[in-house]
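The values are calculated or read from the model by the stated rules, or taken from the named source; none is laboratory data. Quick caveat, the model's predicted, so the values are computed rather than measured. A quick note on method: Cβ atoms are made from the backbone with ideal geometry, for glycine too, and the neighbour counts reach across all protein chains shown. We work out accessible area using only protein heavy atoms, side chains counted, and drop any ligands, DNA or RNA first. Shrake-Rupley method; radii C 1.70, N 1.55, O 1.52, S 1.80 Å.
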Amino acid sequence: MATPDTKFDTGQLDEISALAADRNVRAVTLRDTLRARQNALREAFQRDHDVIQVVRGRAALIDAVLRGLWKRFELDSSPHALLAVGGYGRGELHPYSDIDIAILLSESAADTFTRGLEGLITLLWDIGLEIGQSVRTIAESVAAAESDITIATNLMEARPITGNPTLFEQLEAALAPANVWPVDRFFTAKINEQQARHGKTNSALQRLEPNIKESPGGLRDIQVICWVANRHFRSRHLAELVDHGFLTRDEYEILQSGREFLWQIRTMLHYIAGRREDRLSFDMQKTVAAQFGHEDDGTNRPVEEFMKRYYRTVRELSQLNDLMLSLFNEAIIELDRTAEIILVNRRFQIRNNQIEARDEYVFRRTPNALLEIFLLIQQHPKVTGVRASTIRAIRENVHRIDKSFREDIRARSLFMEIMRQPQQVGHELQRMHRYGVLERYLPVIAKITGLMQFDLFHVYTVDEHALFVVRNLRRFLYPETPEDDIPLCREAMERIPKLELLYVAGLFHDIAKGRGGDHSELGADDAIKFCRDHGLGHWDTRLVAWLVRNHLVMSSTAQRKDISDPVVINEFADEVRDRVRLDYLYLLTVADIRGTNPELWTSWKAALLRQLFQNTAKVLRDNLEADQLMAQRTPEAQAEALALMGKAPFSEAEIRSFWNAVSDDYFYRHQPDEIAWHTSAVLNHGLSISPLVEVRNFPNRGGTAIFIYTPDREYLFSTITQVLDRLGLTIQDARIFTTGGGYAVDTFIVLEAQNNRPVDDPHREIEIANGISAALSTGRMPAERLRMQNIRRLQNFAIPVEVTFTPDISAPRTVMTVVATDRPGFLSIVGRAMQQTGVRLQNARIATLGERVEDVFYITDYYNEPVDDLQKQEQLREAIRSALADAP
């Protein structure tokens, strides 16, 4: 293969080759010259972003150096050969990419010129080149390739740089598919390799900070196409697939432009980092966005615009990767397989369990077939996919979905039939989106395609998230799902009258994001138009619009309000109005949260939503007012707790002596089994002044409860939260009470920070209890566990500290909401600021949304009165802001 195309002229390359060949030129001189040439490439790239000049030019530059060094060590008279392999073999070298070479030894003279070869390798390192080298004979190369497909792939891409040309020709012949890695085995291995790679690079954080090379739709996916083409057709360039009929000219242009865009990003990453860097991290996203012309305006919009282009590009590349590999599968794996064909109708048939158009003109003659095919897949469960030729036909005819198509009653009926099917609704919507059909049929989807939010909370682009929500809704009907919130969801799914209304709400709930304004209100307007266009009745339309408009209400209520408060439950019940709407909203809320970021969905959030759902259902069923619920709660809770304590060795008088020391609020905010646990623990503790700390898990509560009973004192909340943070626990809920005798009766609900799960190890429970006890007794803090929070990531998000105060509608308290960037010890910092300003904490609701904290504190002054003095509020606000500003 010739030297890669480059803007370096022949004279420049010959000059550096001659310099490398000259034994009188010292390594430092050669290194400085090479660095100057590479800096010239960098300066040119920064002027015009011509990435071809960089990747081809650097490869050509290294070729010239290697040819010169080969002469320098008199290897040009040897029988050996020097090859470029891997990416370098393709003539692609990014600024800090490794340089992979293979020294191919002659079988008859393998032990000759060893000193020269050793000198060559040493000097390459001395002049600053990071070399990956192999030194083998042809037989050794073939053996290595047979045992390792990665080596085989590298050698497939080899090209000669200098030396004995016959050796390279012999190696190519020895590595032919007839001898090593037949095409079918190679194809299967590469498919498995890609699936494994996608599995490793598709986690939440890896989606937020994608790897340009390895993530789905990245450069490696393009290389897989090239590798399989190389093995099947013996072709080295994508353009050759056009000649073979495997790529259309348009598809080739998409692959080329997509690859060039990713090359530009990768080159920028290398130059910014000053080393090899393929991960588009949050800090890099801002810098790269600016280099692409998305100037920083003080908001996240520039980086979101850049990332929208990135996500759209990799989505398109991923689709073409799927298409090409499907075509190869048909040409390689299924070539000699007998076809089993089942006729479906005049337009479609099923071939070997894959649906296909019966001829290439189906979508031209009958455009509505662009929707019909997805309905047929739903109706034929044995269909495993769509034939590659039909995928291509869909892509080529998707432009036929225009205004007249969207207004055709036949198309609208087909779409609603898809939404009403008993199976594969979410799956087929995703397939429609993947093939470009969904956004053509619903142009509002096109507006959110690739739209991301620059934060740690939203893992998926808005379009992906909406489709995940619909799939989550469908999965609530799967009987094998083990999660503890699913049985309740399944019961609700079986009660609601029309599942398709729920799916439409799921598809439209975030449809208006990115437009500015209230996306819930704007999305409700879009939902109303869709429903009317598709013939839904007035009641159905109103329900879908209400769900879209209120899709955040249940989540906000559960996570930010005191849902043990009957007033809160009644307010929410008034908003919902009936059980049918409650069922719909609960299902949409659970699916929405689970589809936002699966790593942030916790058992505690599931428990909060379950509690809100069940308490609201009771209010709607019994038509109870808040004061009735409050009047019933204390005696009911005490009676149940007494029954649970049963044979406990305490008299009722002893039990009630503890209960009389706490307020009615205590009984509103604890379940009977918690009250029984606390009471038994306190009475067993007796008159001891040492701290009482107990740790316990309750079924279906979603978190581990830590109960602390100790004389109240300054900075108690701050100390406890600091200990819990050092122990590697995240606080989900805090209920703070003080007895008439001056004892703190505090309950914290926690999860392990490492995995967002309750504590499930008895030894760990003892460690937690001992750590808190020691800190309260002696002031000795436990050793700090390795923090799972990635401080580097958090530093990319600067959320202004907001502290707001509102009256509590149901108790003489003030509700303080603190919004800020998350950081280690956040609650301890806020608690100390409250203590310093003479404020008591009564209750807390903790909500961490990625990098964003939105915590709610129920506070009073030292006389248990609301903090309603504006000067006092401002003093507390400034104390919190100052403390958070000073925190690391």
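Once the whole set of protein chains is in place, how much accessible area is left on H538, using a 1.4 Å probe, in Å² to the nearest 10?
Counting only protein heavy atoms, the figure is 140 Å².
Normalised by the number of residues in segment 427-547, what is the relative contact order in percent for Cα pairs under 8 Å and 6+ residues apart? Mind showing how you got there, number by number?
Working: 108 pairs, mean separation 23.6, N = 121.
With pairs under 8 Å counted, the relative contact order is 19 percent.
Expressed as an acute angle from 0 to 90° and rounded to the nearest 10, what is the orientation of the C-alpha long axis of helix 249-273 relative to the principal long axis of the chain?
Orientation of helix 249-273: about 70 degrees from the principal axis.
Pull up all non-local amide H partners of N843: gap of 5 or more, or a different chain, and H-to-H distance under 5 Å with H placed in the peptide plane.
Result for N843 returns I736, Y858.
On C-alpha positions alone, give me the angle between the axis of helix 716-726 and the longest principal axis of the chain, in degrees, nearest 10.
Between helix and principal axis, roughly 30 degrees.
If r is the Cβ-Cβ distance from Q614 to E521 and R0 is 30 Å, what FRET efficiency results, to the nearest 0.05?
Once rounded, the FRET efficiency stands at 0.55.
P(r) for segment 668-711: what percent of alpha-carbon pairs falls in each 10 Å bin, starting at zero?
25, 54, 19, 2
Of F186, F457, which has the most accessible area and how do the rest follow, probe 1.4 Å?
F457, F186
I need the P(r) histogram for segment 408-484: all alpha carbon pairs, bin width 10 Å from 0 out to the longest distance, whole percents.
17, 43, 30, 10, 0
Quick query: amide H of A512 versus all other amide H atoms, modeled in the peptide plane; which residues come in under 5 Å with a sequence gap of 5 or more or a different chain?
Distant-sequence amide H within range of A512: G523.
Over the Cα atoms of segment 830-880, Rg to Rh with Kirkwood Rh, two decimal places?
Dividing the radius of gyration by the Kirkwood radius yields 1.00.
Heavy atoms of the protein only, probe of 1.4 Å, neighbouring chains included. What is the accessible area of T114 in Å², nearest 10?
Looks like 70 Å² after rounding.
Can you give me the long-range amide H partners of V745? Hydrogens built in the peptide plane at 1.01 Å from N, cutoff under 5 Å, separation of 5 or more residues or another chain.
Long-range HN contacts for V745: F737, T738, T739.
Per residue, how much space in cubic angstrom lies within the convex hull of the C-alpha atoms of segment 160-307?
Expressed per residue, the convex hull around the Cα atoms of segment 160-307 is 149 Å³.
Compactness ratio of segment 731-888: Cα Rg over 2.2 N^0.38 Å, N = residue count?
In units of the 2.2 N^0.38 Å rule of thumb, it is 1.10.
How much length is gained on full extension from Q46 to A196, taking 0.36 nm per residue of separation minus their Cα-Cα distance? Can you show the working numbers first?
Working: separation 150, 0.36 × 150 = 54.00 nm, distance 3.58 nm.
Fully extending the segment from Q46 to A196 adds 50.4 nm.
What are the aspartates and glutamates whose alpha-carbon lies under 19 Å from the alpha-carbon of K872, with same-chain residues fewer than 8 places away excluded?
Once the sequence-local aspartates and glutamates are set aside, what remains near K872 is E714, E802, D808, D861.
For E240, what accessible surface area do you get with a 1.4 Å probe? Give it in Å², rounded to 10.
60
On a 1.4 Å probe surface of the protein chains, which of E43, E767, E854 comes out largest in accessible area, and what is the full order? Walk me through the numbers before you get to the answer.
On the way: E43 105, E767 70, E854 20 Å².
So the residues, ranked largest to smallest area, are E43, E767, E854.
If we sort 879-885, 366-372 on the protection proxy, mean other Cβ atoms within 10 Å, highest first, what's the order?
Per-residue Cβ counts within 10 Å, averaged per peptide and sorted highest first, yield 366-372, 879-885.
Sorting check: for 513-522, 436-445, which peptide has the highest mean count of neighbouring beta carbons within 10 Å, and how do the rest follow?
Taking the mean over residues of other Cβ atoms within 10 Å, the ranking is 436-445, 513-522.
Looking at segment 631-768, what % of the alpha carbon pairs are farther apart than 21 Å?
43
Output the antiparallel fraction of DSSP beta bridges having both residues in the chain, as a percent to the nearest 5. Kindly include the intermediate steps, with their values, before the conclusion.
Working: 65 of 74 bridges.
Approximately 90 percent, going by the DSSP bridge assignments.
Please report the equivalent ellipsoid semi-axes of segment 188-270, computed as sqrt(5 x eigenvalue) of the Cα gyration tensor, largest first, in whole Å.
On the way: eigenvalues 116, 57, 19 Å².
Computed over segment 188-270, the values are 24, 17, 10 Å.
Equivalent ellipsoid semi-axes for segment 533-613, as square roots of 5 times the alpha carbon gyration tensor eigenvalues: give them largest first, rounded to whole Å.
Taking √(5λ) for each Cα gyration eigenvalue gives 23, 17, 9 Å.
Could you derive backbone 3J(HN,Hα) for segment 407-418 from the dihedral phi with the Karplus parameters 6.51, -1.76 and 1.60 (θ = phi - 60°), listing whole Hz in sequence and x where the residue is Gly or Pro?
Working through the residues one at a time gives 8, 6, 4, 5, 5, 5, 5, 4, 5, 5, 5, 4 Hz.
When the accessible area of segment 635-750 is split by element with a 1.4 Å probe, what percent falls to carbon and sulfur?
Of all accessible area on segment 635-750, carbon and sulfur atoms account for 50 percent.
Report Rg(Cα)/(2.2 N^0.38 Å) for segment 489-542, keeping two decimals.
Dividing the Cα radius of gyration by 2.2 N^0.38 Å gives 1.24.
Over all pairs of distinct alpha carbons, what does the Kirkwood formula give as the hydrodynamic radius of the chain, in Å?
On the way: mean 1/r = 0.0314 Å⁻¹.
It works out to 31.9 Å.
Over segment 249-401, what per residue volume does the convex hull of the Cα atoms give, in whole Å³? List each step's numbers first, then the result.
Working: hull volume 25.0 nm³, N = 153.
Hull volume normalised by residue count: 163 Å³.
Quick one: 3J(HN,Hα) in Hz for segment 530-536, Karplus 6.51/-1.76/1.60 with θ = phi - 60°, rounded, Gly and Pro as x.
Result, rounded to whole Hz: 4, 4, 5, 4, 9, x, 6.
Across segment 570-575, in residue order, what do the Karplus-derived ³J(HN,Hα) couplings come to in whole Hz, using 6.51 cos²θ - 1.76 cosθ + 1.60 with θ = phi - 60° and x for Gly and Pro?
5, 4, 5, 4, 5, 5
For segment 52-141, which GluC sites (Glu not before Pro) are both in a DSSP coil and crowded by at most 14 other Cβ atoms within 10 Å?
Here the sparse-neighbourhood loop sites are E74, E130.
If I model a spin label at E874 and T299 as a point 7 Å from the Cα along the Cα→Cβ vector, what separation in nanometres do I get?
Label-label distance for E874 and T299, simple model: 3.1 nm.
How high is the relative contact order of segment 2-123? Use alpha-carbon pairs under 8 Å, at least six apart in sequence, and give a whole percent.
In percent, rounded to a whole number, it is 29.
Taking a 1.4 Å probe, which of Y252, Y862 shows the most accessible area, and what order do the others take after it?
Y862, Y252
On C-alpha positions alone, give me the angle between the axis of helix 165-174 and the longest principal axis of the chain, in degrees, nearest 10.
Between helix and principal axis, roughly 60 degrees.
Mind checking the alpha-carbon convex hull of segment 617-707 and giving the volume per residue in Å³?
119
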